[in-house]
Amino acid sequence: MNKPVDVKKISPKDFETDQEVRWCPGCGDYAILKGVQMALANTGATPENTVFVSGIGCSSRFPYYVSTYGFHTIHGRAPGFATGIKLTNPELDVWLVTGDGDGLSIGGNHMLHVLRRNVNIQIMLFNNEIYGLTKGQYSPTSRPGLKTPSTPMGSVDAPLSPCIFALGSGARFVARGIDTSLKELPVILARAKEHQGASFVEIYQNCIVYNDNVFGHFTEKKTAKDTQLHVKHGEKMIFGKEISKGLRFNAEKFALEVVTLGEAGITEDDILTHDETNRHMAFMLCELEAPAFPAVCGVIYCNPTESYDQSVHYQVAQAKQQKKADFNALLRRGRTWTID
Ligand code: SF4
């Protein structure tokens, strides 16, 4: 009988590399890196079965800093690489790392298609509302009025919401986390990994150099309980230091509103229960903007269906069962011409 194999317990350290990390000191990317390494260890991932794929930008340096396979590809095109990697290596866990510039500007088209196709990969979009690597130009998620080298008088663009973009593209898993929330972020990422299909996770990430504290109104630790709502499937959407605020559906306005328990006869029965399979609710939650509303984090939408890679492999298996393919005949069938 063979000796039992000594299976080493995987820890976050197993995903650390010896590479010099080149993000600016204090950048939110460091905390995200830690959260990802924790999530990988917690879910029993192994370096040899994991691959990180990125485009271009500060976030896209990520593959150098995790001890797994990695591809630092071209601007906005990581979804194409990730799709090919997953299709040809279905046993690999494929993670895509991108930013608001890379994933929603030059790569917006590619992001849309990887989501609507539902390729079984995990997508992390670090949203810092700025182009960091190229020194602080405004991005598709920058707020109106933001002054940058490319908008010296203030941006006049309407910003894009990454989660609404993902939902509108047909994503079946949409979640949101915060760089420094290291209690919640690894849990969200573990759910993303577990999901069979394209998982989209927006992570609010602080760019300390070019857009510092842009999320400060809800990430400040002292007030976070009053300014953040971490949704959980099947649980009431209640938040606040005193656990006294909640989200209610206002049927007249067809919108969500913040109410206080105990005021005007409001009880827990009036507060909505989170149903992560409800797409309409997901849109409404993603539309809420701080400070009028809490920043909604956690798994906002999860409603799995067959993934693209499953369908492709099924189709290939079916084709192989049919009569032997004749490539020459295929090329010559239908309308062909002979040139004299
Ligand atoms: Fe991080 Fe901003 Fe520096 Fe880029 S420029 S590494 S996003 S702090």
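The values are calculated or read from the model by the stated rules, or taken from the named source; none is laboratory data. Note that this is a predicted model, so its numbers are computed, not measured. Counting neighbours? That spans all protein chains shown, and the Cβs are built from the backbone with ideal geometry, glycine included. Calculation scope for accessible area: heavy atoms of the full protein, side chains included, ligands and nucleic acids excluded. Shrake-Rupley method; radii C 1.70, N 1.55, O 1.52, S 1.80 Å.
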message: At q = 0.09, 0.10, 0.15 Å⁻¹, what log₁₀ I(q)/I(0) does the range 132-269 have when each alpha carbon counts as one equal point scatterer in the Debye sum?
response: -0.38, -0.46, -1.01
field: Assigned charges on the beta-carbon of Lys, Arg, Asp, Glu; the range 1-106 dipole about Cα centre (debye)
entry: 120
query: For the range 139-192, what size does the Cα cloud have along each of its three principal axes, sorted from largest down, in whole Å?
result: 42, 28, 12
- line: Per the rule of 0.36 nm per residue minus the C-alpha distance, extending residue 24 to residue 9 adds in nm 2.2 nm
task: Among DSSP beta bridges lying fully in the chain, give the percent that are antiparallel, nearest 5.
output: 35
- prompt: Using r as the Cβ-Cβ distance of residue 316 and residue 42, and R0 as 25 Å, what FRET efficiency do you calculate, to the nearest 0.05?
  reply: 0.15
statement: With R₀ set to 45 angstrom, the calculated FRET efficiency between the beta-carbons of residue 335 and residue 277, to the nearest 0.05, is 0.40
Per residue value of the accessible surface for the chain (all protein chains in place, 1.4 Å probe), Å²: 54
field: Selection from 69, 237, 198 lying farthest towards where the dipole of the chain points positive, charges on Cβ
entry: 69
task: Pull up the cross-link candidates among the lysines for residue 245, meaning alpha carbon to alpha carbon under 29 Å and not fewer than 8 places away within one chain.
output: 183, 221, 222, 225, 232, 236, 253
- prompt: Considering the dipole of the range 1-140 built from charges on the beta carbon (Lys and Arg +1, Asp and Glu -1) around the Cα centre, which of 126, 52, 89 is farthest to its positive end?
  reply: 89
- line: Under the Karplus relation with 6.51, -1.76 and 1.60 and θ = phi - 60°, whole-Hz ³J(HN,Hα) for the range 190-199, x at Gly and Pro, equal 5, 5, 4, 5, 5, 5, 8, x, 6, 9
message: What distance in nm lies between label points placed 7 Å from Cα along the C-beta direction at residue 74 and residue 213?
response: 4.1
task: Pop the C-beta distance of residue 242 and residue 92 into the FRET formula with R0 = 41 Å and round what comes out to the nearest 0.05.
output: 0.35
Among 14, 326, 212, residue whose mean-square fluctuation peaks in a GNM of the chain (springs only between Cα atoms under 10 Å): 326
- request: Could you give the C-alpha radius of gyration of the range 110-177 expressed as a fraction of 2.2 N^0.38 Å, taking N as the number of residues it contains?
  value: 1.28
statement: Taking a straight Cα-to-Cα line shorter than 14 Å from residue 34, and setting aside same-chain aspartates and glutamates fewer than 8 residues away, one finds 14, 16, 179, 184
task: Between 162, 47, 149, find the one with the highest GNM mean-square fluctuation for the chain; connect C-alpha pairs within less than 10 Å.
output: 149
- prompt: Once the dipole of the range 218-282 is set up with Lys and Arg at +1 and Asp and Glu at -1 on Cβ about the Cα centre, which of 264, 218, 247 lies farthest towards its positive end?
  reply: 218
task: Quote the convex hull volume per residue of the chain, based on C-alpha atoms, as a whole number of Å³.
output: 247
Computed [θ] at 222 nm, deg cm²/dmol, the chain (DSSP H ≥ 4; -39,500 (n - 2.57); rounded to nearest 500): -7500 deg cm²/dmol
message: Please report the equivalent ellipsoid semi-axes of the range 72-143, computed as sqrt(5 x eigenvalue) of the Cα gyration tensor, largest first, in whole Å.
response: 24, 11, 10
statement: Listed by chain and number, the lysines with an alpha carbon less than 24 angstrom from that of residue 86, same-chain partners under 8 positions apart left out, are 193, 320
query: So how strong a dipole does the chain carry about its Cα centre when Lys and Arg Cβ are +1 and Asp and Glu Cβ are -1, to the nearest 20 debye?
result: 1020
field: Rg/Rh for the range 11-95, where both radii come from Cα atoms and Rh is the Kirkwood radius
entry: 0.96
- request: State whether the range 176-232 is rounded, prolate or oblate according to the following rule on the C-alpha gyration tensor (a ≥ b ≥ c being the square roots of its eigenvalues): a/c under 1.5 gives rounded; otherwise a/b larger than b/c gives prolate, and the remaining case gives oblate.
  value: oblate
Most fluctuating residue given options 237, 153, 38, as computed from a GNM of the chain linking Cα atoms under 10 Å: 153
